[in-house]
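Step one of this worksheet: look at the structure below.
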Amino acid sequence: MMNKPKFHIFVCTSSRANGQQKGYCHTKGGVELVAKFMEEIEERDLGGEVFVNNTGCFGICEQGPVVVIYPGGTWYKGVTPDDVETIMEEHIEGGNIVERLAL
Ligand code: FES
């Protein structure tokens, strides 16, 4: 059986079950964020410990792009590609919430 991840990062890309996208995060760079997280995870060699998935709308579009991280259920708002590095460093590797981005 595969290992379960230590961290699970959910990035809103406004996806819906019918394959269409509705909402705002995908127009504000949500998809780019998923790619950036994947890059960072690989660069830091955390592939077995940190998973990233895109999700549907969290219902707070005006604060998007939204990223939610478990365990802990931390919600981040207005996340940019530059913030991904900070989140990886401070939250994933450092164990601290990035207060500047936290909801
Ligand atoms: S589309 Fe991302 S929170 Fe609504």
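The values are calculated or read from the model by the stated rules, or taken from the named source; none is laboratory data. These numbers were taken from a predicted model, which means no experiment stands behind them. Don't worry about glycine lacking a Cβ; one is built from the backbone with ideal geometry, like all the others, and counts go over all protein chains shown. For the accessible areas, the whole protein counts, side chains as well, though only heavy atoms, and no ligand, DNA or RNA atoms are used. Shrake-Rupley method; radii C 1.70, N 1.55, O 1.52, S 1.80 Å.
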Filter result (within 17 Å of residue 31 (Cβ to Cβ) and open to solvent by 60 Å² or more (accessible area, probe 1.4 Å)) within segment 81-102: 82
Residue 41 vs. criteria away from the ligand (no atom under 15 Å from the Cβ), closer than 17 Å to residue 103 by Cβ and crowded, with 20+ Cβ neighbours inside 10 Å: no
Tally, over segment 1-20, of residues that are open to solvent by 80 Å² or more (accessible area, probe 1.4 Å) and touching a residue at least 40 places away in the same chain (Cβ under 8 Å): 3
Within segment 11-38, tally of residues that are within 11 Å of the ligand (Cβ to nearest atom) and over 13 Å from the mean Cα position of the chain (by Cα): 8
Segment 44-80, residues that are outside any helix (DSSP H, G or I), within 16 Å of the ligand (Cβ to nearest atom) and open to solvent by 50 Å² or more (accessible area, probe 1.4 Å): 53, 54, 57, 58, 59, 75, 77, 80
Complete set of residues in segment 28-45 that are in contact (Cβ under 8 Å) with a residue 12 or more places away in the chain and of a type outside the set (A, V, I, L, M): 28, 29, 30, 32, 36, 37, 40, 44
Given (1) open to solvent by less than 50 Å² (accessible area, probe 1.4 Å); (2) closer than 20 Å to residue 98 by Cβ; (3) not in a helix (DSSP H, G or I), number of the condition residue 23 does not satisfy: (2)
